[in-house]
Amino acid sequence: MIAVPRHPVGGRPRRIAAWLPLGLALLAGAGGCAYTTSTAALPPHVKTIAIPTFENQTTEYAIELSLTQSVIDRFVADNHLKIVDEKDADYVLRGTLKAYRNIVFGFNTAENAQEYRVTITVAITIKDAVKNREVWTDPDLTRYANYYVVAVPGSPAKTEFDGRAEAISKIADEILARTVQSW
């Protein structure tokens with residue numbers, strides 16, 4: 001038999017045992033997380049998105065195709081919005097590749113370049129085609145990726161194309177998150 005402590009005033013038993021499971025459930029639900037993600041950012045009428053090929057204002061040949069395809073791939077994998085032609089879309093995502101840089105970022109002790117940074121800047125606008133209003137825009141969304149041209153512990157040597165692919169991936173992730181998630 002379990003002894004139930006008595007309340008010091010009035011002799012009533014304490015209800016700790018009854019409230020303990022609820023308290024533990026609340027603590028477990030919090031999970032130590034200060035924020036949550038949900039798809040609350042998407043209005044109920046939004047089911048589709050069009051992603052025309054990004055405009056390229058840089059001298060990098062065909063990079064807009066890689067960037068556009070990466071963004072499309074993210075939305076397809078996420079599966080919240082179906083990719084459709086612009087005439088059938090609830091949202092339309094327009095992007096312009098504004099800047100591309102690949103610069104030396106680090107040297108070894110012999111002063112030879114060994115680390116580079118690819119930086120890509122795009123302008124993004126998401127428009128709600130149904131309600132004819134802008135959902136969000138960022139005229140200077142910038143992401144970068146560092147890569148080593150020599151092998152370093154835990155990582156083989158990489159090329160500019162590897163750095164470019166990583167920066168493009170970061171941009172695509174950001175565009176998806178800002179479009180379908182509420183923080």
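Quick rundown of the values:
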read-out	value
Estimated FRET transfer efficiency when R0 is 30 angstrom, pair LYS82-THR159 (beta carbons, to 0.05)	0.30
VAL84 long-range amide H proximity, modeled H, under 5 Å	ILE49, ALA50, ILE51
Positive-end extreme of charge dipole, segment 48-180 - chosen from THR53, ASN132, TYR100 (charges on Cβ)	ASN132
Calculated FRET efficiency for the pair THR125/ALA151, C-beta based, R₀ 30 Å, to 0.05	0.15
For HIS80, HIS45, order by how many other beta-carbon atoms lie within 10 Å, fewest first	HIS45, HIS80
Calculated FRET value between PHE107 and GLN57, using beta carbons and R₀ = 45 Å, to 0.05	0.90
Amide hydrogen neighbours beyond the local backbone of ALA99, cut-off 5 Å, H modeled	THR121
Order of ASP140, ASP173 - criterion: other Cβ atoms within 10 Å of each residue's Cβ, fewest first	ASP140, ASP173
Entries in LYS98/LYS158; LYS87/LYS127; LYS47/LYS127; LYS47/LYS170; LYS87/LYS170; LYS98/LYS127 that, when Cα-Cα distance is taken, lie over 22 Å	LYS98/LYS158; LYS47/LYS170; LYS87/LYS170
Test item: Cα-centred dipole of segment 49-114, Lys/Arg +1 and Asp/Glu -1 on Cβ, debye	140
Residues ASP90, ASP128, sorted so that the one with the fewest Cβ neighbours within 10 Å comes first	ASP128, ASP90
√(5λ) per eigenvalue of the Cα gyration tensor, segment 48-180, largest first, Å	33, 14, 11
Lys, Arg +1 and Asp, Glu -1 on Cβ, resulting dipole of segment 48-180 about Cα centre, debye, nearest 20	160
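Every read-out reported here was derived from the displayed coordinates using simple, explicitly stated rules and does not represent laboratory data. Note that this is a predicted model, so its numbers are computed, not measured. Note: ideal-geometry Cβ built from the backbone for every residue, glycine included; neighbour counts use all protein chains shown.
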